[in-house]
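J.: Handing you a structure now.
The values are calculated or read from the model by the stated rules, or taken from the named source; none is laboratory data. None of these values were measured; they are calculated from a predicted model. Please note: Cβ atoms are built from the backbone with ideal geometry, for glycine as well, and neighbour counts cover all protein chains shown.
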Amino acid sequence: MARRSWFSRAAGRSGRDARANAERVPSDLFEQCPNRSCGIFLYRKELEKDLKVCKKCGYHFPLTAVERINLLLDEGTFEAFEFNLKTGDPLGFPGYRETLERYRAKTGMQEAIIAGRGLVGGTNAAICVTDFSFLAGSMNSVVGETIARTLEEAAAARAPIILVSGSGGGARMHEGLLSLMQMAKTAAALERYDRAGMLSICILTDYTMGGVLASWASLGDVILAEPGANVGFTGGRVAAKVQTERPPENFRTAEFSFEHGMIDRVTPRSQLKETIARLLSISAADKVRGMAKR
Amino acid sequence: MRTVLSFEQPIHDIERQIETLRNLQAEGGPDVSVQIAKAEDDLRRVQTGIYSNLTPWDKVQMARHQDRPHTLEYIAGLAGDSFVELHGDRRFGDDPAIVGGLASIFGRSVIVFGHQKARDLKGRQFRNFGSARPEGYRKAIRLMNLAEKLRLPVVSLIDTSAADCSVGSEARGISEAIASSMYRMAGLTVPVVVIVTGEGGSGGAIGIGVGNHIMMLEHAVYSVIPPEGCAAILWKDDSQGDRAAVALQLTAEDSVRLGVVDEIIREPLGGAHREPAQVISEVGRALDAALDRLSALSPQQLLDHRYEKFRRMGVYDE
């Protein structure tokens with residue numbers, strides 16, 4: 001109860017009213033905007049049509065990997081890569097098996113990533129999407145291997161690559177050093193992929209942190225991020241060693257990254273597909289005239 | 001005052017005993033040479049017992065020991081006056097937490113870089129406790145580019161608890177710097193040898209850890225997260241680092257078993273901090289042998305060999 005009243009206080013009057021309304025509003029029909037300074041109730045069917053973006057404050061609700069693929073790819077064109085990789089428990093890590101079962105039951109996914117190919121505005125592209133709802137989208141052996149294989153497939157097919165990150169969990173702790181090494185593996189895979197001369201596009205969504213941001217997510221030729229997405233190397237308190245800098249308001253967000261020249265654009269969800277389609281079209285092999293392609 | 005780790009206490013006690021006996025002898029007291037000999041025997045036995053049965057948490061303490069040799073000491077020991085330290089990332093600044101330059105080791109010219117810690121408070125602040133900022137990784141990239149141009153092998157010495165996560169580092173793109181450093185390292189067509197000398201702390205470590213041959217000192221550790229951080233996540237209690245250290249499998253033996261590290265370099269009895277000159281010499285020998293082997297590979301072979309090594313890392317079923 002104490003926690004509830006703090007939440008209302010922080011949200012102000014509209015928050016308090018919203019909290020009061022929460023009991024009266026049927027949650028199967030309505031979703032409440034989690035943005036504390038907004039808190040309005042959104043009719044689910046309308047929210048779907050709005051691509052799960054709050055029509056009042058612009059808060060971008062998280063999308064599952066499947067929803068993300070449906071958003072970005074031309075309808076009916078997605079073909080999943082069936083790599084059939086099954087996560088093991090190489091360290092016998094406390095609680096890992098149970099945690100995996102819990103997330104599998106909750107999300108219906110086997111792992112935190114979906115990979116495949118499809119058309120975006122008519123152009124063929126390979127795509128990987130990590131899903132925050134599965135263990136915070138954290139990168140383990142299977143996630144790293146999936147990305148590496150997708151890049152190899154894309155290079156062989158001379159297809160551009162779209163890598164979408166919903167990886168707030170960074171490198172997955174439960175697989176220890178093996179997870180850490182996926183940072184190097186995916187960086188090396190991108191290095192090799194880049195020699196094929198095709199465009200790589202990374203999309204950073206809420207959250208993109210840690211070992212994922214510090215590997216493949218920061219290596220795209222073009223990096224787009226959704227508005228307000230939490231994007232940063234570490235979460236939580238900044239190390240208290242010798243702190244002379246106070247964090248700005250937008251610290252560790254997509255906007256902060258953009259301000260500091262680390263990403264190309266902050267792109268509202270409604271413009272993502274169109275932006276990607278344009279980039280792919282311009283860089284498509286048949287459009288490159290006069291210059292010999294390797 | 002030498003730092004004594006908790007599990008070293010029995011050793012420390014016997015050593016003090018021996019010292020007392022020796023002083024007695026020196027001051028013309030009774031002949032205690034038999035007792036001294038026995039105590040030295042005990043010491044050896046106890047040392048061997050303790051150091052061959054270190055827990056993962058003990059290893060973490062060893063890896064973090066302040067008297068353990070640092071990168072500049074390895075370079076000084078192996079390259080002497082030949083080392084020319086280079087500075088700056090040509091974009092923003094110079095990061096004292098990563099040092100590097102040109103050196104000649106056993107008659108072979110190399111590019112060498114690594115994390116640098118310090119022992120006194122002022123030094124630690126200057127080196128930011130070995131936590132590198134974006135400019136540190138960008139300096140490493142600059143050195144890699146030089147290695148590629150001059151066709152020199154690259155030697156990377158890892159010893160960091162973590163990369164710097166301050167506001168400034170986020171603003172200057174610590175993530176991009178680490179990612180680009182791994183990317184550049186992956187694409188080198190010269191031999192790359194990596195040695196984890198102390199702490200292989202997560203992203204900050206692997207940022208300069210993409211090599212053809214990965215070696216690790218016997219009591220060094222290599223982990224995706226500090227054990228304290230792991231304990232905080234698992235059990236909401238960062239004082240259970242010892243439990244987390246077991247779960248994380250961060251020792252040199254674990255790292256070999258997981259297919260990440262190729263070779264363990266044995267430390268002198270009692271750890272690198274006991275006989276720094278000896279361990280530096282051991283590292284030099286292992287490094288020389290590795291570079292000998294790798295120099296037989298062509299540029300393309302080195303590239304492929306490194307790619308395949310990291311490509312294979314990971315455990316899953318198909």
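J.: Please go through (1) closer than 21 Å to B:GLY187 by Cβ; (2) assigned to a helix (DSSP H, G or I) for B:LEU297 and return the number of the only condition it doesn't satisfy.
T.: (2)
J.: Being in a helix (DSSP H, G or I) and aliphatic (A, V, I, L, M) is the filter; apply it to the range B:189-230 and report the residue that is nearest to the other protein chains (Cβ to nearest Cβ).
T.: Within the range B:189-230, the match that is nearest to the other protein chains (Cβ to nearest Cβ) is B:ILE206.
J.: Would you confirm whether or not the range A:55-78 contains a residue that is modelled with pLDDT under 95 and touching a helix residue (DSSP H, G or I) at 6+ places or on another chain (Cβ under 6 Å)?
T.: Checking the range A:55-78: not a single residue is modelled with pLDDT under 95 and touching a helix residue (DSSP H, G or I) at 6+ places or on another chain (Cβ under 6 Å).
J.: Next question, about the same structure. From the list A:THR77, A:THR123, which one is more than 14 Å from every other protein chain (Cβ to nearest Cβ), at negative phi and surrounded by fewer than 20 Cβ atoms within 10 Å (Cβ to Cβ)?
T.: None of the others qualify; the one that does is A:THR77.
J.: Suppose we keep only residues that are among the basic types (Lys, Arg) and buried (at least 24 other Cβ atoms within 10 Å of the Cβ) within the range A:160-194. Which one would you say is nearest to the other protein chains (Cβ to nearest Cβ)?
T.: A:LYS185
J.: Oh, and also: For B:ASP254, state whether it is of a type in the set (D, E, K, R), in contact with a helix residue (DSSP H, G or I) (Cβ under 9 Å, 6 or more places away or on another chain) and within 18 Å of B:ILE206 (Cβ to Cβ).
T.: Yes: the conditions hold for B:ASP254.
J.: Restricting to helices (runs of 4 or more DSSP H) lying wholly in the range B:121-171: which have 2 or more residues that are of a type outside the set (D, E, K, R) and free of Cβ contacts under 8 Å to residues at least 24 places away in the same chain?
T.: Fully inside the range B:121-171 and qualifying: B:121-126, B:167-171.
J.: Out of (1) modelled with pLDDT of 95 or more; (2) surrounded by fewer than 16 Cβ atoms within 10 Å (Cβ to Cβ), the odd one out for B:GLU318 is which?
T.: Exception for B:GLU318: condition (1).
Yes/no per residue for (1) within 12 Å of chain B (Cβ to nearest Cβ); (2) modelled with pLDDT of 95 or more; (3) touching a Leu at 6+ places or on another chain (Cβ under 9 Å); (4) farther than 23 Å from B:ALA132 by Cα:
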site	(1), (2), (3), (4)
A:THR208	yes, yes, no, no
A:LEU213	yes, yes, yes, no
A:LYS241	yes, no, no, no
A:PRO247	yes, no, no, no
A:PHE256	yes, yes, no, no
A:THR267	no, yes, yes, yes
A:ILE276	no, yes, yes, yes
A:LEU280	no, yes, yes, yes
A:ASP286	no, no, no, yes
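J.: Another question, then. Consider A:LEU199 carefully, then state whether it is crowded, with 21+ Cβ neighbours inside 10 Å and of a type outside the set (Phe, Trp, Tyr).
T.: For A:LEU199, the condition - crowded, with 21+ Cβ neighbours inside 10 Å and of a type outside the set (Phe, Trp, Tyr) - is not met.
J.: Continuing with this model, one more query. Among the numbered criteria (1) assigned to a helix (DSSP H, G or I); (2) closer than 16 Å to A:ALA188 by Cα; (3) free of Cβ contacts under 8 Å to residues at least 24 places away in the same chain, which one does B:GLY314 miss?
T.: Unmet condition: (1).
J.: Which residues, taken from the range A:96-118, are free of Cβ contacts under 8 Å to residues at least 40 places away in the same chain and over 18 Å from A:ALA159 (Cβ atoms)?
T.: Selection gives A:ARG97, A:GLU98, A:LEU100, A:GLU101, A:ARG102, A:TYR103, A:ARG104, A:ALA105, A:LYS106, A:GLY108, A:GLN110, A:GLU111.
J.: Would it be correct to say that B:ARG91 is under 18 Å from B:THR251 (Cα atoms), among the charged types (D, E, K, R) and in a loop (DSSP other than H, G, I, E, B)?
T.: Taking the combined requirement at face value, the residue does not satisfy it.
J.: Continuing with the same structure: Of the residues B:LEU250, B:LEU188, B:LEU217, which is surrounded by 22 or more Cβ atoms within 10 Å (Cβ to Cβ), within 17 Å of B:LEU143 (Cβ to Cβ) and modelled with pLDDT of 95 or more?
T.: Going through B:LEU250, B:LEU188, B:LEU217 in turn, the sole match is B:LEU188.
J.: Also, I was wondering about something else. Can you find a residue that is within 14 Å of chain A (Cβ to nearest Cβ) and in a loop (DSSP other than H, G, I, E, B) anywhere in the range B:266-282?
T.: Scanning the range B:266-282, I find no residue that is within 14 Å of chain A (Cβ to nearest Cβ) and in a loop (DSSP other than H, G, I, E, B), so the answer is no.
J.: Okay, next question. Residues to consider are A:GLY88, A:GLY39; find the one that is over 22 Å from the mean Cα position of the chain (by Cα), closer than 26 Å to A:SER167 by Cα and within 14 Å of another protein chain (Cβ to nearest Cβ).
T.: One residue alone meets the criteria, A:GLY88.
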